[in-house]
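Working notes, structure below.
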Amino acid sequence: MGSDSETEKSAHKEKKKSVALAPIAKPLAGKKLCKRTYKLIRRAAEQKCLKRGVKEVVKSIRRGHKGICVIAGNISPIDVITHVPILCEEADIPYVYVPSKEDLASAGATKRPTCCVLVLNKPSKGELSQEDQEKLKSESDQITSEIRELTASMF
């Protein structure tokens, strides 16, 4: 009897996640790209190559830092992040939307839900070993090419 209500709750939660997406959340990553993006974010968080939150991301983009911008699609109110894709396009930074801000935060090693993150190519402070930097760069390049393909198929 308890398991029925749990499955109903999980089904309701899944429905709620898909309904809450913002209308501007395009290009939206598919399941496979989401998984790979979250993996990249986890690795970047370990290497200190990650900027979390709208304020930090905007500041980094304006300062000329390059990388991949990942934006949550279930932000309310949407006005909080509407300017971020425009900044990314002007700075030629690839961006992609993911369905959940909670998943984005957990991938970025924070408990607080996060609107957007910027995965940097180089750490802001200190140095990475050559091997770690090459690994991060290759993963980043693969995801960047997939994001560009997804964007090209939209327009």
With Cα atoms, 0 to 90° folded angle of helix 130-154 axis to the chain main axis: 60 degrees
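Using the Cα gyration tensor of the chain, with a ≥ b ≥ c the square roots of its eigenvalues, what is the shape: rounded (a/c below 1.5), prolate (a/b larger than b/c) or oblate (neither)?
Prolate, because a/c is 1.5 or more and a/b exceeds b/c.
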Percent RCO, i.e. relative contact order, over the stretch 22-155, from Cα pairs under 8 Å lying at least 6 residues apart: 36 percent
Förster radius 22 Å - calculated FRET efficiency between Asp79 and Glu102 (Cβ-Cβ, nearest 0.05): 0.60
Label-point separation, Leu87 to Lys31 (7 Å along Cα→Cβ), nm: 3.4 nm
Segment Thr144-Lys122, length gained on full extension (0.36 nm per residue, minus Cα span): 6.4 nm
The stretch 88-134: relative contact order as a whole-number percent, Cα under 8 Å and 6+ apart: 20 percent
Rounded tilt (10° steps) of 31-46 against the dominant C-alpha axis of the chain: 50 degrees
Cut-off 10 Å between beta-carbons: net charge of the residues surrounding Ala105, Lys and Arg +1, Asp and Glu -1: +2
Overall form of the stretch 86-155 per C-alpha gyration tensor (a/c, 1.5; a/b vs b/c): oblate
Under-12-angstrom lysine pairs by C-alpha in the stretch 60-155, whenever the two are 8 or more apart or on separate chains: 5
Global form of the stretch 31-78, assessed from the alpha-carbon gyration tensor, a/c cut-off 1.5: oblate
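If you take the beta carbon distance between Ile24 and Lys66 as r and set R0 to 25 Å, what does 1/(1 + (r/R0)^6) give as a FRET efficiency, to the nearest 0.05?
After rounding, the FRET efficiency stands at 0.60.
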Residue-averaged 222 nm ellipticity for the chain, from DSSP H runs of 4+ at -39500 (n - 2.57), nearest 500: -17000 deg cm²/dmol
Neighbourhood charge, 14 Å Cβ-Cβ cut-off, centred on Thr151 and excluding it, Lys, Arg +1 and Asp, Glu -1: -2
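Coordinate-derived values only; no laboratory data. Everything numeric here is computed off the predicted structure, so don't read it as measured data. Glycine also receives a Cβ, built like all others from the backbone with ideal geometry; neighbour counts cover every protein chain displayed.
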